[in-house]
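Here is the structure we will look at, set down as structure tokens.
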Ligand code: ADP
């Protein structure tokens, strides 16, 4: 009985430390807006990089023809083919789009750029051949590609950019500090694929492009999937670190790289501290580690493990529960020894280790959603997941209830922090109803304008509790009146289709 009380105490302490009451969320909103200013004021002025994208004109509906896109950046990559009708009065002029989604073979995430891009180029080629047939035309006519890449890039132009660092478990050392689109271009030429990178953008920018194409009131795009990031439309004159920036529209899309946001107001627990310390990028991507799919299941795992150390109601500690997710993210250098250690094996054979990594690749977050969304009175689905996936059999109902609660606490915190981030962007651009940052002319008229934020990514689209908590928190922070003008729009496959739109917009300058 005493031991059970200790288990409950672990949960209560955790819940307390994760608290995100609205006052705290407002502090996060303010911190986000302040950091955005700082990141725009000077290079390195903030943990928010606030990167230029060179996207100063979003597609407007006049684009016409067939375009391709490649979306690379998480657990999957997608190739797309988009046909545009080009009728500018009808904003839904996307005649059709075809998508092929593939998992990135894990060994390519830590290999060389040549291996990665050879693989991608040949997938692209197969896709083109499947879609176009082996027609003469495709051999002669150059195809235009929009390339979304969801890692921090210092953009040199709309066509190219330099990789600043890897996130989300990728570690291809020869790419850091180099142009990303060039090796893709080379790999495509090598296999005779007549395709050119016409637009190289962050995936959030693709999402914004598509959402804006459908709805001109769209001002920002947020992705919450394996990782998390956001971009938004900023006035060129507000990008102080880049004086005299020439744009056709007076605006430019800014890629925030908000996964790296940090503020002392974020509710951080000892589990977050440990997760960070055991990650391949400690002290980095702090916001992402509290918000995105790659990490949520891992936080839950750590809390459950801690609870199971207090009581034997969890049965013997299973190896699934004690092996950190970070197996997936270890650099090749560390991989052998750490895997062998974690799984009690003695191996230095790389091949053997790879098998282990593939097996461990499955993320915990979708399981967590399954646990969280079980509404059967006896939590049957929770029992099944614990037994089948985590190898913890015969978990009593009271323990299962506790585990559901842990998932709830972690997801609620993540969703509410993401909501605060979104409101932070709205505050920065004067759409949060505070009227603070809007231009003098519109001030007197403080009428709220319709504001759309595109949201994409597996957590928002597939995890309904996450989505509900996020939507609810936006309303809570802004109040009913203001939030009734703010629309969060789900945009599945938006980043890829958006990239094809950008390829269209930038291959024939309007
Ligand atoms: P990526 O970000 O890898 O390009 P997605 O946007 O599809 O791809 O996001 C995938 C992530 O979304 C997964 O890593 C996982 O964390 C999360 N996810 C996917 N499906 C679910 C689900 N049913 N429940 C909870 N999380 C999910």
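Annotations for the structure displayed:
- Residue check, residue 458 at pLDDT below 95 and in contact with a strand residue (DSSP E or B) (Cβ under 6 Å, 6 or more places away or on another chain): no
- Among the residues of region 86-98, the ones that are outside any loop (DSSP other than H, G, I, E, B) and surrounded by 16 or more Cβ atoms within 10 Å (Cβ to Cβ) come to 2 in all.
- Taking the criterion of being away from the ligand (no atom under 16 Å from the Cβ), within 18 Å of residue 453 (Cβ to Cβ) and not in a loop (DSSP other than H, G, I, E, B), the residues of region 215-251 that qualify are 218, 219, 220, 232, 233, 234, 235, 251.
- Residue check: residue 165 meets all listed conditions (1) crowded, with 22+ Cβ neighbours inside 10 Å; (2) not in a helix (DSSP H, G or I) but one, namely (1).
The rows are residues; the columns are (1) crowded, with 20+ Cβ neighbours inside 10 Å; (2) in contact with a helix residue (DSSP H, G or I) (Cβ under 9 Å, 6 or more places away or on another chain).
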{"position": "2", "(1), (2)": "no, no"}
{"position": "12", "(1), (2)": "no, no"}
{"position": "18", "(1), (2)": "yes, yes"}
{"position": "22", "(1), (2)": "no, yes"}
{"position": "37", "(1), (2)": "no, yes"}
{"position": "45", "(1), (2)": "no, yes"}
{"position": "50", "(1), (2)": "yes, yes"}
{"position": "53", "(1), (2)": "yes, yes"}
{"position": "64", "(1), (2)": "no, yes"}
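- Whenever a residue of region 289-303 is over 17 Å from residue 74 (Cα atoms), its partners that are within 9 Å of the ligand (Cβ to nearest atom), lying with C-beta atoms within less than 6 angstrom and at least six residues away or across chains, give the pairs 300/368; 301/364.
- Among residues of region 461-506, those that are assigned to a helix (DSSP H, G or I), farther than 23 Å from residue 27 by Cβ, in contact (Cβ under 8 Å) with a residue 40 or more places away in the chain and within 11 Å of the ligand (Cβ to nearest atom), counted: 7
- Residue selection: residue 79 fails the criterion of being within 30 Å of residue 243 (Cβ to Cβ) and either touching a helix residue (DSSP H, G or I) at 6+ places or on another chain (Cβ under 9 Å) or assigned to a loop (DSSP other than H, G, I, E, B) (or both).
- Checked against the criterion of being within 23 Å of the chain's Cα centre (by Cα) and more than 16 Å from the ligand (Cβ to nearest atom), region 83-91 contains not a single residue that satisfies it.
- Taking the criterion of being closer than 17 Å to residue 425 by Cβ, part of a helix (DSSP H, G or I) and within 14 Å of the ligand (Cβ to nearest atom), the residues of region 198-214 that qualify are 203, 204, 207.
- Test set (1) in contact (Cβ under 8 Å) with a residue 24 or more places away in the chain; (2) over 18 Å from residue 502 (Cα atoms) - residue 56 fails condition number: (2)
- Among the residues making up region 265-283, those that are without any contact (Cβ under 8 Å) to a residue 60 or more places away in the chain and in a loop (DSSP other than H, G, I, E, B) are 278, 279, 282, 283.
- Test for residue 97: is it out of contact with any strand residue (DSSP E or B) (no Cβ under 6 Å at 6 or more places or on another chain) and either in contact (Cβ under 8 Å) with a residue 40 or more places away in the chain or away from the ligand (no atom under 16 Å from the Cβ) (or both): no
- Matching residues, region 277-301, being within 16 Å of the ligand (Cβ to nearest atom) and more than 22 Å from residue 258 (Cβ to Cβ): 300, 301
- When region 137-170 is filtered for residues that are more than 16 Å from the ligand (Cβ to nearest atom) and farther than 23 Å from residue 254 by Cβ, the ones remaining, listed by number, are 137, 138, 139, 140, 141, 142, 143, 144, 145.
- For first residues located in region 69-89 and within 16 Å of residue 126 (Cα to Cα), partners that are part of a loop (DSSP other than H, G, I, E, B) and within 12 Å of the ligand (Cβ to nearest atom) and lie 6+ apart or on another chain with Cβ distances below 6 Å form the pairs 77/104.
- Among the conditions (1) at pLDDT below 90; (2) on the phi > 0 side of the Ramachandran plot, residue 379 misses just one, which is (1).
- Residue satisfying all of: in region 363-407; in a loop (DSSP other than H, G, I, E, B) and within 10 Å of the ligand (Cβ to nearest atom); farthest from residue 313 (Cα to Cα) among these: 363
For (1) part of a loop (DSSP other than H, G, I, E, B); (2) buried (at least 20 other Cβ atoms within 10 Å of the Cβ), each residue gets a yes or a no:
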residue	(1), (2)
151	yes, yes
154	no, no
157	yes, no
177	yes, no
182	no, no
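- Extreme residue, nearest to the ligand (Cβ to nearest atom), among residues of region 61-76 that are within 20 Å of residue 107 (Cβ to Cβ) and at pLDDT below 90: 74
The values are calculated or read from the model by the stated rules, or taken from the named source; none is laboratory data. Everything numeric here is computed off the predicted structure, so don't read it as measured data. For neighbour counting, all protein chains shown are included, and Cβ atoms are generated from backbone atoms with ideal geometry for every residue, glycine included.
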